[in-house]
1. Would you tally the residues in the stretch A:277-308 being in contact with a His (Cβ under 8 Å, 6 or more places away or on another chain) and buried (at least 21 other Cβ atoms within 10 Å of the Cβ)?
2. Of the residues that make up the stretch A:258-276, is at least one open to solvent by less than 50 Å² (accessible area, probe 1.4 Å) and within 30 Å of the chain's Cα centre (by Cα)?
3. Out of all the residues in the stretch A:316-343, which are of a type outside the set (D, E, K, R), within 9 Å of RNA strand B (Cβ to nearest atom) and exposed (fewer than 14 other Cβ atoms within 10 Å of the Cβ)?
4. Kindly evaluate A:LYS143 against the criterion of being open to solvent by 10 Å² or more (accessible area, probe 1.4 Å) and assigned to a loop (DSSP other than H, G, I, E, B).
5. Considering only residues of the stretch A:469-496 that are assigned to a helix (DSSP H, G or I) and open to solvent by 50 Å² or more (accessible area, probe 1.4 Å), which is nearest to A:VAL511 (Cα to Cα)?
6. Contact list please: Cβ distance under 8 Å, first residue in the stretch A:581-596 and touching a residue at least 40 places away in the same chain (Cβ under 8 Å) and of a type in the set (A, V, I, L, M, F, W, C), second residue within 8 Å of RNA strand B (Cβ to nearest atom) and open to solvent by 50 Å² or more (accessible area, probe 1.4 Å), pairs at least six apart or on different chains.
7. Looking at the stretch A:602-623, I want the residues that are open to solvent by 40 Å² or more (accessible area, probe 1.4 Å) and at pLDDT below 95 and have a partner that is among the aliphatic types (A, V, I, L, M) and away from RNA strand B (no atom under 13 Å from the Cβ) with Cβ atoms under 6 Å, at least 6 apart or on another chain. Which pairs are those?
8. Out of the residues in the stretch A:73-123 that are assigned to a loop (DSSP other than H, G, I, E, B) and charged (D, E, K, R), state the one that is modelled with the lowest pLDDT.
Amino acid sequence: MAENDFDLQKLQEHNRNLEKIALEVAKNRPKEREKRGYISKDNYFLHNLAEKIAKIASKEFGQDISVDDVNLAPVPPKFTADIALRIPVLMKDIKAYNAELLPALQKALNSEKNDLGLTMVELVPPYLNLSLDFSVFGEEIIKSVVDLKNRYGENDDFKGKKVLIEYSSPNVAKSMHVGHLRTTIIGQVLSNVYEKCGYAVFRLNHLGDWGTQFGKVGVAYDLWKDERGELEGQENPVKYLAQLYADFNKEAKENEELNEKARNAFHALENNDVHMLSLWKKFYDCSLVEFEKMYKRMGVYFDSYLGESFYQDKMDKFIEEALEKNIAFKDGNAVVCDLTRNNPESKIPTFLLVKSDGATNYSTRDVAAFYYRKQYFKPDFAIYVVGSEQNLHLKQIFETVRQLGYQNGKEAVHVGFGQIKEGGKKISSRAGAGGLDDLLDFVVNEAYKNMKEEGRDFNEKELREIAEKVGIGALFYNDLQNAPAHNIDFDMERILSMKGKSGPYLQYSIVRGESILRKAGELADVKQINWQKADKLEKIEKDLLKKVAEFPAIIQTACKSCSPHHIAVYLNDLAQIFNHFHSVVHVIKSEGDLKEIRKYLVYISVQTLKNGLNMLNIPIPERM
RNA sequence: GCCCCCGUAGUUCAAUGGAUAGAACGACGGCCUCCUAAGCUGUAGAUACAGGUUCGAUUCCUGUCGGGGGUACCA
């Protein structure tokens, strides 16, 4: 065996190392999370208000009303009130909505209005419209942001729980392209959000580092390395490999023998053939270097890279068990999984656990991975951020493990997401749409050009740094503003315009806010401010306070629905209100307590926008 | 064929069963002697179609039409 050869023993060592890292994190993460501490919802005015209303309503109706049923909503502009309480939702567990019960509740709330921080409770069936006492509300909201700072918005809903999030999972020996953007961003952002809601988060990159594609690339490499050069000398090894893969597929269309060779090669890999294993390791190593470069640029990180190859020796057990439990049957060398045998209701189509050549496929590895994770990481909840074209596949996996007895409830979910389209078609070649790296460069360059054209007063180094943040922000926001399930339209022109509803819009709002704070001087001591003056604030300023107060609830919604776009949309609304405020109220020219309160309005807006962008993994330039 | 997802202004997207369906881009106007105009602001413009459930439906159910995806030896 040559010195550089990679054999079974070395593969096992490689896997043990990966495993060690993963187990270490699994062990320590809950402690780390605990140590970081939790933010109680008692810090939030609207939460407290809802609790108090629940208590009063429970007493009034003689039955327990849950806080979750206290539905507080914005009020349409034609009313002067600030918050609407939706009564039918409040009553949903008691009885059918009954308008006759409203006056009594209104009276009860009115008699407690001082304690609730309200000035008035009006009856507009089926709503009770609440008017806030801004001298109380303003102080409370500002205090909570000042106290919690970069942790404003967090909650402890899932204190003590563990979540495992699988995302990104690119294929080794292929370039990352725009198609990987969604799983990577959505997964990273969900990780961020879950952590803010109290979870100990385990971030997992289920690398596509095993499978027939290795046979293909391996065969292609051996076939063409003499004319194309060895991998070691390549300037961009991953592009080189990706090209091999593409060319192989093209050739194989004409020549079925090649596919046969590739299958044999993968089979050899699964049987620990030293040559194939050595190639595998080479491809693996250079791909990982490339991936990590990309992740670093995007601010994305993982706790573990336990990929498909890790499970190559952990699959036999399930195949046997599936056969024993009559979930699967043999067909020659193949093992076919038929989930309708034990559960005719499922109507799930059959699929292979073992191919007719004896090799495994991704279903086999996903089942093994599920079991392994459950056994060693013990998550309370697992999220698979995988494209919705794999809906059926994941349905099959979840049902298989259920029938094998590994899973009881809804502890694993698939967060599917739509594809990135360009003019209704699957994205192909336009500017920058090839590799992800090129795409990032392209967007960053545009941000750079924008600043040059506007004659911004920055030196070259600053320009580059800012452009990097603005470009990436534009790209991320474009993705995150969409509901995950929908296909999204990749309109390069719109991303590059960086105007209107966009990442740069949010960044710009922060930058302008920060600028005011720099010029306005130190913030006054919160205790020294006469909060009665908050009543004199303009309508837009009261709107701003109300919007900031909504932030914690938005985080909860995003978490519970696995939908980061709620945060993206909210931040845009907040920035709009802030910018409107910015244009009609001159903070620095204001005087006395009103000026101090306004400085705080800027401060809490900036802080909330920052907290939101951090969660969305969108970088924040100090100036732009 | 069967299964899943989607259908909202000209375009791209929002809207936990609730009040007058919100934005952005594009179009046509207005605002820089004032905290960064990547900003603010005015006007025009939408729930595919037909039924049903509900006090109330863009949202839930059924059907039709349209778009996307999947449908065992790629992942």
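The values are calculated or read from the model by the stated rules, or taken from the named source; none is laboratory data. Everything numeric here is computed off the predicted structure, so don't read it as measured data. FYI the Cβ positions are ideal-geometry reconstructions off the backbone, even for glycines, and counts take in every protein chain you see. Please note that ligands, DNA and RNA were not included when accessible areas were found on the heavy atoms of the full protein model with its side chains. Shrake-Rupley method; radii C 1.70, N 1.55, O 1.52, S 1.80 Å.
1. Counting residues in the stretch A:277-308 that are in contact with a His (Cβ under 8 Å, 6 or more places away or on another chain) and buried (at least 21 other Cβ atoms within 10 Å of the Cβ) gives 3.
2. No.
3. Matches in the stretch A:316-343: A:GLY332, A:ASN333.
4. no
5. In this case the residue turns out to be A:LYS469.
6. Pairs found: A:ILE588/A:LYS519.
7. Final answer for the pair search is none.
8. A:LYS95
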